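Note sheet for the following structure.
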Amino acid sequence: MKVVVIGGTGHIGTFLIPRLIEGGHQVTVITRRQRTPYLPNTAWQDVQWVTLDRVQLDKDKAFGQAVSELSPQVVIDLICFTPESARQMVSALQDRLEHYLHCGTIWVHGFRVEVPSEEGHLRRPFGEYGIQKAASEAYLLKEVDQHRFPVTVLHPGHIVGPGWDPINPVGNLNREVFSRLANGDEVLIPNLGLETLHHVHADDVAAGFMQVLTNREQAIGESFHILSEKAMTWRGYAEAVAEWYGQKANLRFVSWEEFRHSVSEKDASVSWDHLVHSSSGSIEKARRLLNYHPQYSSLEAIQQSLSWSTVP
């Protein structure tokens with residue numbers, strides 16, 4: 001099939017594009033060419049590249065038409081962030097497309113009442129990213145005629161894998177936390193460390209997209225969590241990392257205010273987002289309808305990220 005991938009050189013695309021090529025698809029990647037894939041693969045030699053600035057073309061209401069002119073059968077959109085951007089895609093591609101795969105986020109759930117979150121649970125999103133993604137999904141799945149625009153939405157968790165840093169056990173991207181755990185130094189964790197993070201290996205996300213293509217009839221009009229089998233508590237995550245390095249985790253549980261003042265403003269902001277979202281999602285629907293079975297546990301995926309470069 002002729003597949004157009006929008007934003008194909010990032011975390012997901014690094015693993016998805018080779019899978020598509022090896023699956024016999026004709027692949028075009030739309031990118032601003034500001035980065036290269038995280039891992040080398042000879043499959044990239046068979047990719048057709050199209051350089052487009054989506055932000056500017058969206059402002060000009062021309063991006064959807066630019067995609068349409070490539071005559072895709074399938075569009076995999078990894079960087080649609082607003083309902084208006086989604087509307088432009090629908091307007092340009094309806095009645096002309098076999099399948100549109102939209103990348104959402106586990107953060108569409110926002111504040112949760114039941115855990116783990118299921119796709120059909122009532123949404124209470126907060127923060128611009130979660131709100132915009134939830135609104136985009138609502139538009140695509142509730143307002144769009146699925147016969148004219150066949151869509152599937154996939155919701156990854158915190159993506160990890162070779163080439164980039166994982167969200168750490170205090171909810172931010174500061175690698176020093178891993179160093180402190182490796183050396184047996186004290187690590188401050190807000191509250192009791194019982195909030196949750198739900199990671200997923202980028203290759204498992206890529207596999208989820210491939211399973212949607214394989215199970216098109218079951219997938220159209222649906223959304224799916226694409227996650228590892230289980231979420232982790234912040235405390236359990238920290239203890240497991242320390243054990244990798246032969247240490248017993250030296251953790252001190254403190255109030256949010258004390259924690260916030262112990263880190264940079266940027267790290268505190270990222271930690272707060274992960275603290276209040278406390279993500280934990282079920283993959284039962286994806287398992288049942290897509291035959292999705294993640295290869296990596298959360299800890300295995302994180303360990304692969306950390307092994308990519310030595311903890312300082």
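The values are calculated or read from the model by the stated rules, or taken from the named source; none is laboratory data. Since the structure is predicted, the reported quantities are computational estimates derived from the model, not experimental observations. Neighbour counts run over all protein chains shown; Cβ positions are idealised from the backbone, glycine included.
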Query - Boolean, His274 is touching a helix residue (DSSP H, G or I) at 6+ places or on another chain (Cβ under 7 Å), crowded, with 17+ Cβ neighbours inside 10 Å and closer than 29 Å to Gly127 by Cα - result: no
Query raised in the report: Going by the structure shown, is Phe63 under 22 Å from Ile226 (Cβ atoms) and not small (Gly, Ala, Ser)?
Result: no
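Residue by residue, here is whether (1) within 21 Å of Tyr296 (Cβ to Cβ); (2) buried (at least 18 other Cβ atoms within 10 Å of the Cβ); (3) in contact with a helix residue (DSSP H, G or I) (Cβ under 6 Å, 6 or more places away or on another chain) holds:
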| residue | (1), (2), (3) |
| --- | --- |
| Ala207 | yes, yes, no |
| Val212 | yes, yes, yes |
| Ala219 | no, yes, yes |
| Ile226 | yes, yes, yes |
| Gly236 | yes, yes, no |
| Tyr245 | yes, no, yes |
Requested in this report: Kindly establish whether Gly104 is modelled with pLDDT under 95, within 30 Å of Pro40 (Cβ to Cβ) and small (Gly, Ala, Ser).
Outcome: no
Query - Flag for Val241 being in contact with a Phe, Trp or Tyr (Cβ under 8 Å, 6 or more places away or on another chain), at negative phi and not assigned by TED's automatic domain parsing to the domain that holds Trp272 - result: no
Report task. Enumerate the pairs (first residue in segment 215-241 and within 29 Å of Leu192 (Cβ to Cβ); second residue anywhere and of a type in the set (Ser, Thr, Tyr) and part of a strand (DSSP E or B)) with beta-carbon separation below 7 Å, excluding pairs fewer than 6 apart on the same chain, so at least 6 apart or on different chains. Result -> Ala231/Thr196; Met232/Thr196; Thr233/Thr196
Query - Positions within segment 115-132 being closer than 17 Å to Ser223 by Cβ and of a type outside the set (Lys, Arg), in sequence order - result: Pro116, Ser117, Glu118, Glu119, Gly120, His121, Leu122, Pro125, Tyr129, Gly130, Ile131, Gln132
